[in-house]
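Computed from the coordinates by the stated procedures, all read-outs in this text should not be read as laboratory data. Everything numeric here is computed off the predicted structure, so don't read it as measured data. Here the Cβ positions follow ideal geometry from the backbone for every residue, glycine too, while neighbour counts run over all protein chains shown.
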Amino acid sequence: MLNPEKLLKSFRHAFTGIVIAFSENQNLFVHALIATAVVSAGILLDFTQTDLIIVLVMIVLVFSAEMINTAIEEVVNLLVKEHRTEAKIAKDVSAGMVLFVSILAIIVGLVIFSSYLF
Amino acid sequence: MNKTIAKVISTVLSPLVILALLPFLILYESSANLGTSLFWEAVSLVFLGIFSVFVMTGVYFGYFSDLDISKRKQRIALMSFGLMLTAIYLLILYLLNGPRILFIVTFGFMLGLWTAEIINQKFKLSIHVAAITGFASFLILAHGPQYLAVYFLVPLVAWARIKTKNHTLSQVIIGVSFALLLTLVIYIIFKM
């Protein structure tokens, strides 16, 4: 049976998570700036619907990766207070995930934009 | 008493309220199509609603100092979220073949947000006064001088912002100049 109170509570927690992610992670500002610039350029260059949806998916991927990275960093900071190799690996791999997704997004962006520019 | 009136004016004519009214006003004025105007007003209200909940949640959990986000350091989160929402709003406008005038307003809003943030790194300009000036100027440029009376709201908001000690006279003047210049730039770009 659907519990509206529980549902509302989970929405509240999720929204608080978004506020925290944007407050704690300044990289999201850079991503937001790039996202608006890319979307604006896409509209000005008259992208097809499919291309714009691909751009949207890439934007969502980068934002999600950045938020997962923040969550992992916070959990590691909570569990490990001293310098530990395992903690470093967890944080580095998590940061690597953001870089990997960002590079992928740049490649996809370049492929799409090049077909409109050249 | 005066301070209470100033607070009411400041809230009633805040940028968020202006943004909430803008889509319907400009669409209905330019197309006289009630259905389209109401549809895009509803879409815009959903986005503004999400943005408002973001601010209120931030204030409730202590991430933001107040609803005006007076502390400059906290504004970066607001800017990031606002820009992300604007990008999604633009995509929806484009995918649903939205009205051209809404694109112009959204681009103007985005450009304004970017440049205001750059200026705010060195100087605090009044976003409230800039928003009402931009709103009045846009209405006049898009629909003619019958909206000249809206300019009377500019000194009113300026007075309210100074009275509530949120801004100084120079910050208000910079806000007006910034909005006039921005509206003119947007107008020239889209006229070309």
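Suppose only helical runs count, i.e. DSSP H with n ≥ 4. What mean residue ellipticity at 222 nm does that imply for chain B under -39500 (n - 2.57) per run, divided by all residues and rounded to the nearest 500 deg cm²/dmol? Before the final figure, lay out the partial values.
Numbers: 8 runs with 148 residues, N = 192.
Per the formula, -26000 deg cm²/dmol.
Counting Lys and Arg as +1 and Asp and Glu as -1, what is the net charge of the other residues whose Cβ lies under 14 Å from the Cβ of A:A87? All intermediate terms of the calculation are to be shown ahead of the outcome.
Details: positive: A:K81, A:R84, A:K88, A:K91; negative: A:E73, A:E74, A:E82, A:E86, A:D92.
Every neighbour counted, the sum reads -1.
Using only the Cα atoms of the range B:2-191, each taken as one equal point scatterer with no solvent, compute I(q) by the Debye sum, divide by I(0), and report log10 of the ratio at q = 0.13, 0.16 Å⁻¹.
-0.69, -1.09
How are the Cα pair distances of the protein assembly as shown distributed, in percent, across 20 Å bins from 0?
Per 20 Å bin, starting at zero, the Cα-Cα P(r) for the protein assembly as shown comes out as 28, 57, 15, 0 percent.
When the convex hull of the C-alpha atoms of the range A:26-117 is computed, what volume per residue in Å³ does it have?
Working: hull volume 7.6 nm³, N = 92.
So the per-residue Cα hull volume is 82 Å³.
Pairs of lysines 8 or more apart, or on different chains, with alpha carbons under 22 Å: count those in the range B:2-191, would you?
18
If you average 1/r across every pair of different Cα atoms in the range B:6-55 and take the reciprocal, what Kirkwood value do you get, in Å? Don't skip to the answer; put the middle values down first.
Values: mean 1/r = 0.0860 Å⁻¹.
Over the range B:6-55, the inverse of the mean reciprocal pair distance is 11.6 Å.
Rounded to two decimal places and with Rh computed the Kirkwood way over Cα pairs, what is Rg over Rh for the range B:13-114? List each step's numbers first, then the result.
Details: Rg = 14.4 Å, Rh = 14.4 Å.
Rounded to two decimals, Rg/Rh equals 1.00.
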